[in-house]
């Protein structure tokens, strides 16, 4: 696909979400659903917030009310980076608001609200955001592949092979499955290879919805692999 062609077909989810019709509302709902896990993961790792669920919900309410997604510029690349920046600004505003309330409170009031937990040592909030984003994208790609197989009448076949598609399998594993299904091991290996190829294509399609160029897509694929890190599943 040429760079020019890519620009006319990608960033599509964000562009649709900026409209006013029913399709825009559907796209906007999908956009929020896709990014809710990484937003929630970031908030949970950011410290000083007792109720991450409420805070994440408040962020999306601001995102929708102020139509912040309208300010996402395709020329600047990945929507994921835009959203993380918007989330960081939101949390900064929330923190400053909380500090102002503390300064205006009576001296007998506890300075730190009850129930708040500090972040333990470990991965940064940004790393948690990226990992949740990567797993969400991968889960969505797997769902696409599963649905594709179901439509083709191969749902049962896919369900038997899915563990091999999602995790590396030694030749012995194929042999055991072949004996159980009374099918040649090579037949299973070829089918798994094809399914893995389709899964990679679905992952690319998922990530391609919110990037501007082929170069950005390649960078997102690298980011996805890095974010998964030691996770078992990898496209």
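The values are calculated or read from the model by the stated rules, or taken from the named source; none is laboratory data. None of these values were measured; they are calculated from a predicted model. Please note: Cβ atoms are built from the backbone with ideal geometry, for glycine as well, and neighbour counts cover all protein chains shown.
Close contacts from the stretch 196-209, counting a first residue that is under 16 Å from residue 147 (Cα atoms) and a second that is at pLDDT below 90, with Cβ to Cβ under 6 Å and a gap of 6+ residues or different chains, come to 199/235; 200/235; 203/235.
Taking the condition of being exposed (fewer than 14 other Cβ atoms within 10 Å of the Cβ) and either in contact with a helix residue (DSSP H, G or I) (Cβ under 8 Å, 6 or more places away or on another chain) or assigned to a helix (DSSP H, G or I) (or both), how many residues in the stretch 182-192 meet it? Before you say what the answer is, go through the steps one by one.
Looking only at the stretch 182-192, we keep the residues that are exposed (fewer than 14 other Cβ atoms within 10 Å of the Cβ), and these are 182, 184, 186-187, 190.
Now narrow it down to the ones that are either in contact with a helix residue (DSSP H, G or I) (Cβ under 8 Å, 6 or more places away or on another chain) or assigned to a helix (DSSP H, G or I) (or both): 184, 186-187, 190.
The total comes to 4.
Candidates 50, 29: the one that is at pLDDT 60 or above and assigned to a helix (DSSP H, G or I) is 29.
Results for (1) part of a helix (DSSP H, G or I); (2) in contact with a helix residue (DSSP H, G or I) (Cβ under 9 Å, 6 or more places away or on another chain); (3) crowded, with 17+ Cβ neighbours inside 10 Å, shown as yes or no for each residue.
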site: 137; (1), (2), (3): yes, yes, yes
site: 142; (1), (2), (3): yes, yes, yes
site: 145; (1), (2), (3): yes, yes, yes
site: 158; (1), (2), (3): yes, yes, yes
site: 161; (1), (2), (3): yes, yes, yes
site: 168; (1), (2), (3): no, no, no
site: 174; (1), (2), (3): yes, yes, yes
site: 179; (1), (2), (3): yes, yes, no
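From the list 211, 203, which one is at pLDDT 90 or above and either within 20 Å of residue 155 (Cβ to Cβ) or within 14 Å of the chain's Cα centre (by Cα) (or both)?
None of the others qualify; the one that does is 203.
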